[in-house]
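Heads up, the thing below is written out as structure tokens.
The values are calculated or read from the model by the stated rules, or taken from the named source; none is laboratory data. Everything quoted here is computed from the prediction, not taken from an experiment. Quick reminder, even Gly has a Cβ in these numbers, built from the backbone with ideal geometry, and neighbours come from all protein chains shown. Quick note on the areas: whole protein, heavy atoms, side chains included, nothing else; ligands and nucleic acids left out. Shrake-Rupley method; radii C 1.70, N 1.55, O 1.52, S 1.80 Å.
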Amino acid sequence: MNKITLFTFFAVSLIACRRPEHQEAKNVDKFAVLADQYYEDRLQLYPLEATAAGDDRYNDLLPNSGSVEFIKQERAFYQKYLNQLEIYNRSSLDENDKLSYDIFKYSLQMDLEAQKYHLEYIPFDQFNSLPLNFSQMGAGTGIQPFKTVTVYDNRLKRVSAFVTRADTAIANFKKGIQHGRVLPKALVIKMIPQMNSMLVTDASKSLFYDPIKNLPKNFSEADKHRLTEAYSKAILTEIVPTYKKLGDYLAHQYLPKARSTSGLSAIPDGVALYGFLVRQQTTTVKTPEEIYQTGLKEVARIGGIMDSIKNQVGFKGDLKAFFDYMKTDKQFMPYHTPKEILAAFANIQKKMTPNLKKMFINAPKTPFEIRQTEDYRAATASAEYMQGSADGKRPGIFYIPILDAKTFNITSGMESLFLHEAIPGHHYQISLQQENTLLPKFRRFAFYNAYVEGWALYCESLGKALGLYTNPYQYMGALG
């Protein structure tokens with residue numbers, strides 16, 4: 001090897017030894033910038049996510065997300081960031097960023113794959129529904145508190161956008177009919193009353209008028225007068241006609257075309273769609289059949305524990321008879337008013353708090369409340385948790401639907417329900433995740449059902465350690 005070659009060899013070797021450290025640091029910094037930019041761009045594309053996270057910058061926006069143009073925009077957005085992500089050397093990232101990289105890539109790939117199935121052809125149902133979410137926000141008691149004049153004005157802009165969204169939803173329902181992708185009749189029947197419950201002839205009787213009833217005292221008289229007139233007009237000329245249009249369409253045009261079947265296998269590409277949704281919701285590559293077999297094993301295991309509890313309480317009869325007994329015996333329906341039920345859940349929280357402090361080092365800073373589900377959606381709602389904001393200005397809320405307090409049954413599993421939906425279930429996991437500033441924002445405010453529900457299900461198993469499940473019937477509810 002001559003001197004020049006030898007020099008070149010050592011120079012290149014020296015650079016090769018030094019370059020990775022410099023490049024890795026640069027790579028990590030650039031990855032953090034990319035992750036932050038993705039989150040910021042995503043909020044503009046999905047402004048309701050910003051509202052849910054307590055970010056008010058886009059509260060005037062409500063994109064027409066079911067339109068062909070928007071779906072093209074979505075696809076370009078996902079592909080752009082997937083392309084940019086693939087230039088990074090994953091191995092140069094630290095463990096936390098490697099996980100962020102994997103989640104980032106997985107999410108973009110799944111979002112792109114979802115577009116193959118034209119989910120926009122079923123724009124909403126009885127549970128996942130912009131019309132329901134929009135009314136909840138409109139009342140001012142959920143993810144969009146009304147505290148400033150700007151918030152009030154921005155809401156009016158979203159009202160106008162909601163009218164357009166509703167028209168697009170109807171157009172997409174029609175496309176769904178053309179392609180054989182329709183909802184089961186049983187669900188459509190539940191959706192019609194939801195729409196009709198928003199119909200009023202007196203604006204002041206609308207839940208969308210509640211923010212006007214609660215106008216902050218520090219607003220000027222001029223703003224109070226202007227907003228009162230604007231909201232009254234919007235309710236009667238935009239909101240009510242839009243819900244009526246949706247209700248009429250569902251009742252008279254969509255319901256006759258709805259299907260009598262239940263499973264997705266009954267619609268075109270339904271088997272493939274079901275397989276995709278299983279992968280999306282579980283973040284596994286397990287087939288529906290594999291998961292079904294796991295379910296059968298769990299039913300058998302849990303059934304055995306239930307049978308032992310039946311014997312423990314001295315019930316004579318089989319397990320089915322025991323279930324019927326718990327559903328119908330009046331001793332399991334001790335309440336008379338919704339207030340008593342809410343108090344019972346508050347008592348569960350009080351009872352477990354001393355042990356909770358022993359088990360968990362970290363507790364959320366986000367406040368927590370227990371509320372009854374609003375009447376207009378209670379019939380089709382389950383108990384649920386609504387996230388608070390990371391800044392602590394908006395509480396996490398545990399909602400309980402109560403149709404008839406006198407038939408509210410304790411064997412439905414009140415204690416396990418609280419552990420799952422509230423504390424230490426969704427409230428701890430979601431709040432602590434949002435408050436964790438060591439994570440990039442797209443992870444702080446992301447929801448992955450396998451993790452969210454997996455944690456909450458695990459929390460149900462903590463009942464005895466937290467001083468609950470002392471009543472065998474409450475434990476039966478948990479097993480149920």
Restricting segment 73-88 to residues that are among the aromatic types (F, W, Y) and closer than 14 Å to Y38 by Cα, the one surrounded by the fewest Cβ atoms within 10 Å (Cβ to Cβ) turns out to be F77
Taking segment 191-216 and keeping only residues that are part of a loop (DSSP other than H, G, I, E, B) and hydroxyl-bearing (S, T, Y), one is left with S197, T201, S206
Subset of segment 393-413, residues open to solvent by less than 20 Å² (accessible area, probe 1.4 Å) and within 30 Å of L277 (Cβ to Cβ), comes to G396, I397, F398, Y399, I400, G413
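Of all residues in segment 113-142, count the ones that are open to solvent by less than 40 Å² (accessible area, probe 1.4 Å) and closer than 23 Å to N218 by Cβ. Don't jump to the end; show me each part of the working.
Step one: of segment 113-142, the residues open to solvent by less than 40 Å² (accessible area, probe 1.4 Å) are 114-115, 117, 121, 124-126, 129-132, 134-140, 142.
Pick out the ones that are also closer than 23 Å to N218 by Cβ and you get 137-140, 142.
Residues meeting the conditions: 5.
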Note on segment 239-281: residues under 24 Å from V163 (Cβ atoms), buried (at least 17 other Cβ atoms within 10 Å of the Cβ) and of a type outside the set (S, T, Y) are I239, V240, L246, G247, L250, A251
Exactly one of S67, S91 is small (G, A, S) and under 19 Å from L119 (Cα atoms), and that residue is S67
Quiz item: Could we say that M333 is more than 23 Å from N436 (Cα to Cα) and crowded, with 17+ Cβ neighbours inside 10 Å here?
Solution: yes
Checked pairs for segment 267-279, first charged (D, E, K, R), second in a helix (DSSP H, G or I) and open to solvent by 20 Å² or more (accessible area, probe 1.4 Å), C-beta under 7 Å and 6 or more apart or across chains, list as D269/Y117
Does D153 qualify as being open to solvent by 40 Å² or more (accessible area, probe 1.4 Å), within 19 Å of A234 (Cβ to Cβ) and touching an Asp or Glu at 6+ places or on another chain (Cβ under 9 Å)?
-> yes
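Taking the stated definitions as given, is Y101 touching a residue at least 60 places away in the same chain (Cβ under 8 Å), in a loop (DSSP other than H, G, I, E, B) and more than 24 Å from G176 (Cβ to Cβ)?
Values: touching a residue at least 60 places away in the same chain (Cβ under 8 Å): yes; in a loop (DSSP other than H, G, I, E, B): no; more than 24 Å from G176 (Cβ to Cβ): yes.
Considered against the rule, which asks whether it is touching a residue at least 60 places away in the same chain (Cβ under 8 Å), in a loop (DSSP other than H, G, I, E, B) and more than 24 Å from G176 (Cβ to Cβ), Y101 comes out as no.
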Checked pairs for segment 182-203, first more than 21 Å from A378 (Cβ to Cβ), second hydrophobic (A, V, I, L, M, F, W, C) and open to solvent by 30 Å² or more (accessible area, probe 1.4 Å), C-beta under 6 Å and 6 or more apart or across chains, list as A203/L236
Counting only residues in segment 327-370 that are of a type in the set (D, E, K, R) and in a loop (DSSP other than H, G, I, E, B), the one farthest from L462 (Cα to Cα) is identified as D329
